[in-house]
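Encoded as structure tokens, the structure appears first; notes follow it.
The values are calculated or read from the model by the stated rules, or taken from the named source; none is laboratory data. No experiment lies behind these values; they were computed from the predicted model shown. Cβ placement follows ideal geometry from the backbone for every residue including glycine, while neighbour counts extend to all protein chains displayed. Surface areas here come from the heavy atoms of the whole protein model, side chains and all, with no ligands, DNA or RNA. Shrake-Rupley method; radii C 1.70, N 1.55, O 1.52, S 1.80 Å.
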Amino acid sequence: MRLVWFLCLTAAAISDVKERTVSYRILIICGVCGALYGWKTGIAGHAAGVILGFGILTLSKGTRGAVGEGDGWFLAASAGYLEPGEIWILLLGGLAVSWVWGAGMILYRACHGKSANKETLPFLACLWPAGVWILLRKEGIMWLLAAGRGVSFLQV
């Protein structure tokens, strides 16, 4: 199921980069699959991620959209797939990448005599490296071991 989550993250990140918005279809697919999986595995363990996602949504409303609403919805939808610690890894990893990206953008614009006031960052794209880490940390090792034994990825 984490592969489904990672595909949703990838599609949402591409949408965020290209259109500066996240498709509601992606959010609905991710949310429904995550809710079903979370219900199957015990919803109580996923409550912290939902609370974090709704916290980001509240922040989005409070900043009048400076923090993207799609980011909060995606984190809330991710709660069904990920453990609470992994949600924090995803958020903090995304914040670290966005800080580096934002600082680089500001420095680049400053060196070229331009203002970076109107620039926006696609935050879901910043979550992608942490998403890769989360995916490879568990499933990736199993896939690599299975590939070494000649087992098909579909059998894992």
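Numbers for the structure displayed
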{"read-out": "In region 52-82, residue modelled with the lowest pLDDT [restricted to those that are aliphatic (A, V, I, L, M), outside any helix (DSSP H, G or I) and open to solvent by 30 Å² or more (accessible area, probe 1.4 Å)]", "value": "Ala66"}
{"read-out": "Close pairs (9 angstrom Cβ cut-off, 6 or more residues apart or separate chains): within 16 Å of Gly94 (Cβ to Cβ) and among the hydroxyl-bearing types (Ser, Thr, Tyr) in region 56-75, open to solvent by 60 Å² or more (accessible area, probe 1.4 Å) and in a loop (DSSP other than H, G, I, E, B) anywhere", "value": "Ser60/Ala66"}
{"read-out": "Given (1) out of contact with any helix residue (DSSP H, G or I) (no Cβ under 7 Å at 6 or more places or on another chain); (2) under 18 Å from Gly70 (Cα atoms), index of the condition Gly113 fails", "value": "(2)"}
{"read-out": "Meets criteria (in a helix (DSSP H, G or I) and surrounded by fewer than 21 Cβ atoms within 10 Å (Cβ to Cβ)) for Ile89", "value": "yes"}
{"read-out": "Qualifying positions in region 23-45 - at pLDDT 90 or above and either of a type in the set (Gly, Ala, Ser) or surrounded by fewer than 14 Cβ atoms within 10 Å (Cβ to Cβ) (or both)", "value": "Arg25, Ile28, Val32"}
{"read-out": "Residue check for Gly85: at pLDDT below 90 and of a type outside the set (Ser, Thr, Tyr)", "value": "yes"}
{"read-out": "Flag if Ala48 is of a type in the set (A, V, I, L, M, F, W, C) and surrounded by 15 or more Cβ atoms within 10 Å (Cβ to Cβ)", "value": "yes"}
